[in-house]
Each structure stands twice: as structure tokens, then as C-alpha cells.
Amino acid sequence: MTSESASGPTPPPSTVAPNPAIHTTTRLAIMASLAAAEEMEFGTVRDAAEISDSVLSKQAAALESAGYLTIRKGHVGRRPRTWLSLTPEGRAALRSHVAALRRILGRAEAQDL
């Protein structure tokens with residue numbers, strides 16, 4: 001269904017909506033940081049997303065449950081380390097989410113704000 005506006009008919013909203021699993025700015029920042037690499041160390045992701053260890057830990061677990069990232073634990077020497085990486089499903093979800101956000105922003109820009 002379309003509606004009329006001063007500039008003509010408004011197209012129906014896209015059927016592709018932002019992904020609720022990664023819609024929060026925190027999860028989006030984590031996934032965007034991870035998109036730049038195959039794998040990143042926990043502290044690097046934390047710093048890139050500008051969040052605390054506890055927030056990253058909780059949000060990474062939620063994204064792992066959604067199937068969007070993997071968490072790998074190991075050691076460097078005697079020091080425990082954690083690495084995060086996007087799954088192929090996570091990369092696809094991020095691309096789709098960004099495309100949905102661009103469509104939404106395109107509608108706002110079309111309104112000549």
C-alpha cells in the first residue's frame with residue numbers, strides 16, 4: 001500500500017528490516033569491528049567498540065548464541081587469551097543489517113531534512 005505526500009506517492013516500507021539481534025549500537029560496534037579482520041583478540045575488540053570487558057563478554061555471548069560470532073579461548077605463553085570472529089552467517093547478517101539501515105537513512109535524506 002502506498003500513501004500520498006506533497007512530493008507524490010510514498011513507496012511501501014522495505015520488507016527487510018534491521019536485524020534485532022544486532023540492532024543495539026553496542027552489538028553493531030562489536031560486529032563492525034570484527035568485520036575488518038578474520039579474528040581479533042578480545043581486548044582489541046573491546047577498545048575498538050569502546051566498551052568494558054563485562055559488556056563485551058555479555059554481548060559476545062549473545063551474538064555467539066545467535067550464531068553470528070565464535071569465541072575461541074587459548075593461551076599465549078602462560079597467559080589466557082580470548083579471540084572473537086564473525087561466522088559467515090554473522091557477516092551476512094551484518095551486510096543485511098547495514099543495507100536496511102542505509103534504506104532507512106535514504107528515506108530520511110529524501111525528505112530533505
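The values are calculated or read from the model by the stated rules, or taken from the named source; none is laboratory data. Fair warning: this is a prediction, and the values are worked out from it, not measured in the lab. Cβ atoms come from the backbone with ideal geometry, glycine included; neighbour counts cover every protein chain shown.
When the criteria are applied in full, Leu69 meets the requirement of being surrounded by 14 or more Cβ atoms within 10 Å (Cβ to Cβ) and in contact with a helix residue (DSSP H, G or I) (Cβ under 6 Å, 6 or more places away or on another chain).
List every residue pair whose Cβ atoms lie under 6 Å apart, where the two residues are 6 or more positions apart in sequence or sit on different chains, the first residue falls within the stretch 51-80 and is closer than 16 Å to Ala21 by Cα, and the second residue, located anywhere, is among the basic types (Lys, Arg). Filtered contacts from the stretch 51-80: Leu56/Arg46; Gln59/Arg27.
Any residue at all in the stretch 87-105 that's modelled with pLDDT under 95 and acidic (Asp, Glu)? Among the residues of the stretch 87-105, not one is modelled with pLDDT under 95 and acidic (Asp, Glu), which makes the answer no.
Regarding Thr10, is this residue surrounded by 13 or more Cβ atoms within 10 Å (Cβ to Cβ), farther than 16 Å from Arg95 by Cα and either in contact with a Cys (Cβ under 8 Å, 6 or more places away or on another chain) or at pLDDT below 50 (or both)? Spelling it out, Thr10 is indeed surrounded by 13 or more Cβ atoms within 10 Å (Cβ to Cβ), farther than 16 Å from Arg95 by Cα and either in contact with a Cys (Cβ under 8 Å, 6 or more places away or on another chain) or at pLDDT below 50 (or both). Taking the criterion of being crowded, with 17+ Cβ neighbours inside 10 Å, at pLDDT below 95 and out of contact with any Lys or Arg (no Cβ under 8 Å at 6 or more places or on another chain), the residues of the stretch 19-49 that qualify are Asn19, Ile22.
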